[in-house]
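Below is one structure, written out as structure tokens, with a few remarks after it.
No lab work stands behind these numbers, since they all come straight from the coordinates. Quick caveat: nothing in here was measured; it's all calculated off a predicted structure. When we count neighbours, we look across all protein chains shown, and the Cβ atoms used for this are built from the backbone with ideal geometry, even at glycine.
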Amino acid sequence: MPEDTFEIGGARYRSRLIVGTGKYRDFAETRAAIDASGAEIVTVAVRRVNITKADEENLLDYLDLDRITILPNTAGCYSAEEAIRTARLAREAGVGSLLKLEVIGDEKTLFPDATATIEAAQVLVEDGFTVLPYINDDPIAARKLADLGCAAVMPLAAPIGSGLGIRNPYNLKIILEQATVPIIVDAGVGTASDVARAMELGCEAVLLNTAIAGAKDPIAMAEAMKLGVEAGRKAFLAGRIGRKLYATASSPIEGLLD
Amino acid sequence: MYCRRAVFIVACVRLRLNGEETELPDGCTIAEMVAQLDLSRRRIAVEVNRDIVPRTSFAEHVLCDGDIVEVVHFIGGG
């Protein structure tokens, strides 16, 4: 059987779990959690260097860049212009042209601004970026982003950091049914069953951060997430049984005692 | 390279570096500033007055009075 991999921007990945690097206690814990998760793609944010402490350790010192692909994000950007500026800075810093495009529309919900995301995606795709946009679970926005050349589309499961799990599996199903690019669930998952569910629906991968970093034992949760993704993917490929209202006996009727 | 110079001779340039008023020696290049910050081997990007300066130009790009300079790197994020 061929190896089960997925492709983003011409590169193939075995792990279908993409993890963030925020909210950890320290870089050692970040690295241990990434190792336990088996992730091959990790997200990072772009921020000003603290010039009074410019020589302090950097996250990238702790990551094995031969094994791990860095996926910079545009987190914290509230306009297409800011996101484009951040994306170009990230690429200039020398980790390639992969980009998690995030244009936030509202501070409280951190829901994406769909029109600004589409506007920024258009510019960045033309500029040669491999764009992975974070978007609401909106089939129309997802289709527009795929049509304009995004390498994948990343609908949320629930608000960022909420841990609510997949709030609208039916919208995700519609997005998956019409998908012409990989669909990656990004944000809002809380635990291993949530990522399994996303994979069972047919998503190519899951991206998460807080569900691991905020767990009581992040390293154990990272492993649980890895297993959740693997279990969900296998179940999807295996093809689950249909749902029936009434029972169907598992044991044969023939041969029952009188 | 266009540069806004004060009419009097100054021994240093005053610019805004990551939001902070900063003084650097007159004629300081981006490469020298980056070395002074001990960031030469880091993955960083530099923007001067909203324009990204490619790493290959760090050595010849002289910083000027009044420049607005941003130096960014990667940190943990989701």
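Out of B:G78, B:L63, B:I30, whose Cα points farthest toward the positive end of the dipole of chain B (charges: +1 Lys, Arg; -1 Asp, Glu; placed on Cβ)?
Farthest towards the positive pole: B:G78.
Please identify, among B:R55, B:R14, B:R41, the residue showing maximal mean-square fluctuation in a Gaussian network model of chain B using a 10 angstrom Cα cutoff.
Comparing B:R55, B:R14, B:R41 in the GNM, the peak value goes to B:R41.
Enter the angle in degrees (range 0 to 90, nearest 10) between the Cα long axis of helix A:27-37 and the first principal axis of the Cα atoms of chain A, meaning the one along which they spread out most.
Value to nearest ten degrees: 30.
Treating the beta-carbon of each Lys and Arg as +1 and of each Asp and Glu as -1, no other charges, what is the dipole magnitude of the range A:40-85 about its Cα centre, to the nearest 20 debye?
Roughly 240 debye, rounded to the nearest 20.
Find how much the distance from A:T5 to A:A238 grows on full extension, using 0.36 nm per residue of separation minus their present alpha carbon separation; answer in nm with one decimal.
82.3 nm
Calculated from DSSP H runs of 4 or more alone, at -39500 (n - 2.57) each and per residue, what is the 222 nm mean residue ellipticity of chain A, nearest 500?
-10500 deg cm²/dmol
First check a/c for the range A:161-245, with a ≥ b ≥ c the square roots of the eigenvalues of its C-alpha gyration tensor; if it is under 1.5, answer rounded, and if not, answer prolate when a/b is larger than b/c or oblate otherwise.
It is prolate, given that a/c is not under 1.5 and a/b is the larger ratio.
Determine the relative contact order of the range A:136-258: mean sequence separation of Cα pairs under 8 Å and six or more apart, normalised by residue count, in whole percent.
So the answer I get is 21 percent.
Loop only per DSSP, at most 15 neighbouring Cβ atoms within 10 Å: give me the trypsin sites (Lys or Arg not before Pro) in the range A:55-142, ordered by residue number.
Qualifying residues, ordered by number: A:R67, A:K108.
Kindly put B:V71, A:V185, A:V125 in sequence by how many other C-beta atoms sit within 10 Å of each C-beta, fewest to most.
The order, fewest Cβ neighbours first, is A:V125, B:V71, A:V185.
When you look at the Cβ of every residue in B:36-43, what mean number of other chain Cβ atoms sits within 10 Å? Walk me through the numbers on the way to the answer.
On the way: counts 2, 6, 3, 5, 0, 1, 8, 10.
Across B:36-43, the average partner-chain Cβ count within 10 Å equals 4.
Please find, in a Gaussian network model of chain A (springs between Cα atoms separated by less than 10 Å), the residue of A:A198, A:A247, A:A75 whose mean-square fluctuation is greatest.
Greatest mean-square fluctuation among the candidates belongs to A:A247.
Inside 10 Å of the C-beta atoms of A:86-97, what's the mean count of C-beta atoms belonging to other chains? Mind showing how you got there, number by number?
Values: counts 2, 0, 3, 9, 5, 2, 10, 10, 5, 2, 0, 0.
Per-residue shielding by partner chains comes out at 4.
When DSSP assigns beta bridges and you keep just the ones with both residues in the protein assembly as shown, what percent turn out antiparallel, to the nearest 5?
So the antiparallel bridges in the protein assembly as shown amount to around 50 percent.
Where the centre of each part is set by its Cα atoms, how far does the range A:111-189 sit from the range A:23-52, in angstrom?
Each part reduced to its Cα centre gives a spacing of 23 Å.
Rounded to the nearest 10 degrees, what's the angle between the helix A:80-92 long axis and the longest principal axis of chain A, both from Cα atoms, 0 to 90?
Around 80 degrees separate the two axes.
Counting only other chains, what is the mean number of Cβ atoms within 10 angstrom of the Cβ of each residue in peptide A:38-48?
Average per residue, whole number: 4.
Note the angle between two axes, namely the Cα long axis of helix A:218-238 and the longest principal axis of the Cα atoms of chain A, as a number of degrees from 0 to 90, rounded to the nearest 10.
Tilt relative to chain A: about 50 degrees.
Pick from A:I166, A:I51, A:I219: which residue has the top mean-square fluctuation in a GNM of chain A where Cα pairs under 10 Å get a spring?
Top of the fluctuation ranking is A:I51.
Would you please classify the overall shape of the protein assembly as shown from the alpha carbon gyration tensor, given that a ≥ b ≥ c denote the square roots of the eigenvalues, rounded means a/c under 1.5, and beyond that prolate means a/b larger than b/c while oblate covers the rest?
Values: a/c = 2.92, a/b = 2.24, b/c = 1.30.
Cα axes put the protein assembly as shown in the prolate bin.
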